[in-house]
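Shown next, in C-alpha cells, is the structure this report addresses.
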Amino acid sequence: MGRKRVFSFKKLLLLIITVGGLWLWWHARNDVEVTFIEKPILEMTVPQVMEATEEPLEIVDQETEVIATIPEMPEKFFYQQLDARQREIYQVLRDGIARSDEEIQIETDDAGEVHDIYRLVLFDHPEFFWMTGASSSTVYQWSDGRTYTIFKPEYGHTGTDKERMQAEIDEVVEAFLSNVDPALSEYERVRAVYEYIILTTTYNLDAPDHQNIYSVFVNRESVCAGFSRAVQLLLNRLGIFATYVTGFAYVPRISAEPISHAWNLVRVYGEYYYLDVTWGSPNFQDGSGAGHAGIVYDYLLVNEEKLFRTHTLAEGLMMPAVTSLRHNFFVMNGMFYDVADEERILEAMNESIQNQEDWVAFKFATPELFQMMRPIILEDLAPQAARNLAEWYGLERVQYYFREKENLNKITFYWVYE
C-alpha cells in the first residue's frame, strides 16, 4: 500500500507568500518611469590655494626644490569636492566600472546626479580607457516606497580585447616611467611629460579611440581628450597632482565658434597652473598631420589670465584660482619680460649663439610691451647678434629666421650656424 502524501496548510501558506512576494517585487521594480535630463557638472567647492606672492617674477633655483623620491599618487580632485553621500555613489560607480559591471545599482532616485558623478569618476580616472562615456539610467521603486537607480555604462572594450589593450598601455607607460630620474624637480617632471606626449603623438581628429589613453600610448594619434588623460595619468604616476579639465577653446582655423576642448590643471610646489599639451603640439598649431620641428611651450604651466584669452571652462566646472607664473616655461628659462630691457635681450641672443642653441624666444607680459620691443629687436638687436654669430663662427654669410606670435606676445629666433 502506497504512502499517502499530505500537503500541509503551512506549506500552502508559504507558497502563496513566496509567489505573491515575487509578483510584488516584479511589479514594483517596473512600475516607475524615468526621464533622464542631463545637467551641468555638479557645482563644487575648491581646495584652498597658496596665495601668490607680490614679489617680481624670477627664475627659481631648481636645486633647492629637488625631490629625492617620488611621493604617493596625489588625491582625486573631483572626488574631494563631493559630500559624504555623493562619495558613496562615486565609489559604487568606480568599483562597478573597474569590474566592467553591465548594471550598477545605486541607492538613489536622482539619475541625473548619478550621471554627473559618473562624469567626475571618468575625469578622475584616466586609466578607465575602456569606457565610451555614454550611459543610461533607470529609477525603480519598491512597494514600500524605497527607490534605487540601475546605471548602465557603455563599454568600448571588454574581455580579452580590454586585457590586451591594458597590457600594451602598461608596457609603454612603464617604459617611460623607468627612464624618469626620481631626483627630477616637480617642474622638470611636468616638462618631461609635456615634451614626451607632444613628441610621440600626432593630433588627428580621425584617430581611433581618440577619447582615451590607448590612442596616445599605443596608436600615437589622438585629440585633446586623449592627450589630457595621458598627461594626467603620467603625472599622477610621477607624484604630481594633475586633473582633467573640460571647456571650450577658440581655434579660428578649425571653427568660427569655440569648440569643445580638454586640458589639465596641475600643481607644482603648491601652486596651481594650467597645462595644454594639445596646444603645445606643433602639428595642432599649423593644422598639418606631419607637423614641424619645435614644441610650443606657451602652454606649459600658464595662469588663467593667459589661458582664458582663448579657453573657457565648462559650465558649472569649478576650478581653483590659477594666478601664478612662477614656474612658467619662459619664466624658468629667463625668456619672460615684464619690462623693456634691451641689454638683457641682446645678452640672451648672444648667449644662445655662444651655446650653439637652435633658438631663443622672447615673451612679453603685455601686448603693449611686445609692440614696443618688436621693432627694436628686429631692426637693432637681432642684426647685432647676427654679426656676432658671423664673427664667432667665421661665416661670410649669416642666416637666421624669426617667427612672431602676436596673440602670444612672443617672438622666436632660429639661428643657422653654417
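If I filter the stretch 156-209 down to residues being closer than 22 Å to residue 272 by Cα and either among the hydrophobic types (A, V, I, L, M, F, W, C) or touching a Pro at 6+ places or on another chain (Cβ under 8 Å) (or both), which single residue comes out as surrounded by the fewest Cβ atoms within 10 Å (Cβ to Cβ)?
It comes out as 183.
Are there any helices (runs of 4 or more DSSP H) wholly within the stretch 290-386 with 1 or more residues that are more than 18 Å from the chain's Cα centre (by Cα) and within 17 Å of residue 194 (Cβ to Cβ), and if so which?
Result: 329-332.
All but one of (1) within 18 Å of residue 314 (Cα to Cα); (2) of a type in the set (Gly, Ala, Ser); (3) surrounded by fewer than 21 Cβ atoms within 10 Å (Cβ to Cβ) hold for residue 256; which doesn't?
So residue 256 meets the others, but not (1).
Go through the stretch 373-395 and give me each residue that's under 16 Å from residue 410 (Cβ atoms) and loosely packed, with under 13 Cβ neighbours inside 10 Å.
Within the stretch 373-395, 375 is the sole residue that qualifies.
Every residue in the stretch 381-392 that is touching a residue at least 24 places away in the same chain (Cβ under 8 Å) and either out of contact with any Phe, Trp or Tyr (no Cβ under 9 Å at 6 or more places or on another chain) or more than 22 Å from residue 343 (Cα to Cα) (or both), please.
Across the stretch 381-392, the qualifying residues are 381, 384, 388, 392.
Read-outs: derived from the displayed coordinates by stated rules, not from any lab. As the structure is a prediction and not an experimental result, all values here were calculated from the model. Neighbour counts run over all protein chains shown; Cβ positions are idealised from the backbone, glycine included.
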